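Let me begin by presenting the structure, written as structure tokens, before commenting on it.
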Amino acid sequence: MLLRPAPALDGSPQQAHGPAADLVANATSVAAEPPPKRPPTEKIELDIDSLPNYEVLKPIPVLIEPLGDKVFVAEAPDLNLSTSGNSVGAAFLMLKEHIAATYEGYHNKKAIDPERARQLTLMDKYIGKAKRNWF
């Protein structure tokens, strides 16, 4: 046997009362709210002003961009080099080390291809002499 609420005497729809009414009201308000929006991914702009073992002639511009929640990509667009890390700081430090290692590697080679020669010319605008390590 199915029980239905009796219609109101004046013909208007009946309102639910009590805990069921609260549950229905909360369900409709939750359903009406849009899901929270993720913040737009913004690039962080930094400059490298020091490198291990080399002088920096002028700051090297760096862009760091999140890829999800746990991966960050650090890029030096002027030098066409990039690295990744699991934090902003890790990605930035890895890029500094990568730039220094790449610069040193290009300088130590006797013959490099035209693309690497072009990249080395760009690096020479930012990176100076090797630092002396005094202990």
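Rule-based calculations on the coordinates, nothing more; no lab input. As the structure is a prediction and not an experimental result, all values here were calculated from the model. All Cβ positions, even for glycine, are placed from backbone atoms using ideal geometry, and neighbour counts span all protein chains on display.
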Phi-based couplings in Hz for region 106-117 (Karplus 6.51, -1.76, 1.60; Gly and Pro marked x): 5, 5, 7, 7, 7, 10, 10, 6, x, 5, 5, 5
Would you please give the residues with an amide H less than 5 Å from that of L81, counting only those at least 5 places away or on a separate chain, with H modeled from the backbone geometry? A76
Label-to-label distance, nm, for residues given as A111 and M94 (7 Å Cα→Cβ offset): 3.4
Region 44-128 - Kirkwood radius from inverse mean 1/r over Cα pairs (Å): 13.1
Considering amide H positions built from the backbone, and no H for Pro or chain starts, which residues 5 or more places from V56, or on another chain, come under 5 Å of its amide H? L51, G128
Pick out, in residue order, every one of the trypsin sites (Lys or Arg not before Pro) in region 62-123 that is DSSP loop and has at most 16 other C-beta atoms within 10 Å; say none if there are none. K70, K109, K110
Set of lysines near K131 by C-alpha distance (under 30 Å), chain-local residues within fewer than 8 positions excluded: K58, K96, K109, K110
